[in-house]
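Below is one structure; the comments refer to it alone.
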Amino acid sequence: MSTRPEIPGLHHVTAITADAPGNVAFYTRTLGLRLVKKTVNQDDVSAYHLFYGDARGSPGMDMTFFDWPRAAPNVPGGGTVARVSFAVPSAGALRWWQDRFDRLGVPHGDIADRRGRSALAFADPEGQRLELVDAEGAGGPAVQPWPGSPVPPDVAIRSFYGVTLDAPAAGPTVAFLTLHMGFRAADRFEDGGRPVTVLECGPGGAGTEVRVAAPWARRGAPGSGGVHHVAFRAVDDAEQAHWLAALRAARVPNSGLVDRHYFRSLYFREPGGVLFEIATDGPGFATDEPADRLGERLALPPFLEPHRARIEAGLIPLDTGAAARGGPSDG
Ligand code: ZN
């Protein structure tokens, strides 16, 4: 039996939108991410699954959305994701973004100190709670800036920084992450009177941080403007097989391996209730379209391709050519 692999960091975060056109506009034109894949939710083909990332949709910079127009709004509370944090290159970049948010009417807080790093909290048009963190010197996954981004590369979002989980109680969630997933406690701080445990994995720093804010008496419920699940990286199938065996040994209910065409997935819930996934780095988004044409057309995995006409008829029209190809800033 091989030794336990280390999770290198976050792979993707999947959230829920009730407004796909507004979502595409915000994440590509305002945040400057590339639409790297326009496909459907493989378990509900009436919904788009939209992926935003760097030039390639690298693991570690991949914010994705299920488009559910009738989804109820997200209810914050225990068992949900409180915030998704992105890494930007410098403190100067945070000030650039603050000006941009003011100009474009994006709701945001003040630049604040978080564990010795500056951070700027903001929200997308549906209230999705997001944050930019000055990640200078904090490492991060290998990413490839998107030349079509309306945001200059010296201030652009590079990768995830981390996620914050709201937990009914800190103990079970922290124990699960440390005992079963190899995270280590890095710090504790208070946020609004609530203790927050900071955990990290792999190399630590940008892209590896999970904060657990607890306790929460009220349970939350994921909805539009909230996060559906958080995915962590397995660099290859062997590592993912290890995690599957480890979950089974610990009797953690899980999905078994699911082939998502762009990566292979393994789903399970942490004890606080947040849905987790371990996803392989490959094969990646260029498996079914050329790297310079990612996201321009509706991509379907082979098992859905025979049903393309019916699937396309059930989706709202969504012109994503410009979002995928990019162009100069409009703000
Ligand atoms: Zn996922």
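Readers should treat all values here as calculations from the given coordinates under stated rules, not as data from a laboratory. Predicted, not measured: the structure shown is a model, and the values here were computed from it. Backbone-built Cβ (ideal geometry, glycine too); neighbour counts: all protein chains shown.
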Filtering the stretch 259-284 for residues that are within 11 Å of the ligand (Cβ to nearest atom) and assigned to a loop (DSSP other than H, G, I, E, B) leaves a count of 2
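Kindly establish whether GLY77 is surrounded by fewer than 22 Cβ atoms within 10 Å (Cβ to Cβ), under 18 Å from PHE122 (Cβ atoms) and of a type in the set (Gly, Ala, Ser). Step through it out loud before you land on a result.
Working: surrounded by fewer than 22 Cβ atoms within 10 Å (Cβ to Cβ): yes; under 18 Å from PHE122 (Cβ atoms): no; of a type in the set (Gly, Ala, Ser): yes.
So GLY77 fails the test.
Residues to consider are ALA221, ALA231, ALA214, ALA206; find the one that is within 13 Å of the ligand (Cβ to nearest atom), within 22 Å of SER85 (Cα to Cα) and among the small types (Gly, Ala, Ser).
On the way: ALA221 fails: within 13 Å of the ligand (Cβ to nearest atom); ALA214 fails: within 13 Å of the ligand (Cβ to nearest atom); ALA206 fails: within 13 Å of the ligand (Cβ to nearest atom).
Answer to the check: ALA231.
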Is one or more of the residues making up the stretch 26-41 within 30 Å of TRP216 (Cα to Cα), under 19 Å from the mean Cα position of the chain (by Cα) and within 16 Å of the ligand (Cβ to nearest atom)?
no
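Quick check on this structure: which one of GLU190, GLU200 is under 17 Å from GLY60 (Cα atoms) and out of contact with any Gly (no Cβ under 7 Å at 6 or more places or on another chain)?
On the way: GLU190 fails: under 17 Å from GLY60 (Cα atoms).
Just one listed residue meets the conditions, GLU200.
This table checks each residue for (1) over 29 Å from PRO150 (Cα atoms); (2) touching a residue at least 60 places away in the same chain (Cβ under 8 Å).
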position	(1), (2)
ARG260	yes, yes
ARG264	yes, no
ARG269	yes, no
ILE278	yes, yes
THR287	no, no
PRO302	yes, no
ILE311	yes, yes
ALA323	no, yes
GLY326	no, yes
Anything in the stretch 134-162 that is surrounded by fewer than 20 Cβ atoms within 10 Å (Cβ to Cβ), touching a residue at least 60 places away in the same chain (Cβ under 8 Å) and more than 16 Å from SER118 (Cβ to Cβ)? List them, or say none.
GLY139, ALA142, GLN144, PRO145, PRO147, GLY148, PRO150, ASP154
Selection count where residues are more than 14 Å from the ligand (Cβ to nearest atom) and in contact (Cβ under 8 Å) with a residue 12 or more places away in the chain, scope the stretch 1-25:
16
Being among the aliphatic types (A, V, I, L, M), closer than 20 Å to ARG34 by Cα and surrounded by fewer than 13 Cβ atoms within 10 Å (Cβ to Cβ) is the filter here; which residues of the stretch 248-298 pass it?
none
